[in-house]
Amino acid sequence: MRVQTYTTLIEMGKAAADTGAAAIKEALEKRGWANIILATGTSQYQTLNALVEHTEIPWEKVYMFHLDEYIGLSADHPASFRKYLTER
């Protein structure tokens with residue numbers, strides 16, 4: 001296992017996003033589409049913010065699934081992770 005350390009959460013999020021973006025681009029080159037699974041919550045803010053900065057990725061060819069949601073919570077509820085991801 002390779003362990004990496006970072007001085008700030010922003011640096012760590014960017015590194016994770018860059019790694020993810022590279023994997024997404026590889027999948028797009030091989031198949032023309034990519035499936036990704038993302039976690040939500042405050043621990044992911046920096047990664048998600050940095051990931052969407054990769055404007056070279058044709059996001060319409062990326063299918064995203066998220067790991068978290070509250071059972072029975074509507075997509076427009078302020079605490080909904082679907083709402084959070086849709087808005088961002």
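The values are calculated or read from the model by the stated rules, or taken from the named source; none is laboratory data. Since we're looking at a predicted model, the values are computed, not measured. Heads up, the Cβs are rebuilt from the backbone with ideal geometry, glycines too, and the neighbour counts pull from every protein chain shown. Accessible surface is based on the protein model in full, side chains and every heavy atom, while ligands, DNA and RNA are left aside. Shrake-Rupley method; radii C 1.70, N 1.55, O 1.52, S 1.80 Å.
Need one word for the chain: rounded, prolate or oblate. Basis is the Cα gyration tensor (sqrt eigenvalues a ≥ b ≥ c); a/c below 1.5 gives rounded, then a/b vs b/c decides. Judged from the Cα gyration tensor, the chain comes out oblate (a/c at least 1.5, b/c at or above a/b). The modelled label-to-label distance for the pair Ala22/Thr8, using points 7 Å beyond Cα in the direction of Cβ, is 2.2 nm. Surface listing: Trp33, Trp59 arranged by accessible area from highest to lowest gives Trp33, Trp59, probe 1.4 Å. Per residue, the accessible area of the chain comes to 74 Å² when a 1.4 Å probe rolls over the protein heavy atoms.
When the Cα convex hull of segment 46-88 is projected onto planes of every orientation, the mean area is 3.6 nm². Note on the chain: with neighbouring protein chains present and a 1.4 Å probe, carbon and sulfur make up 57 percent of its accessible heavy-atom surface. In this rough spin-label picture, where each label sits 7 Å from Cα along the Cβ direction, the Ala15-Arg88 distance is 2.0 nm.
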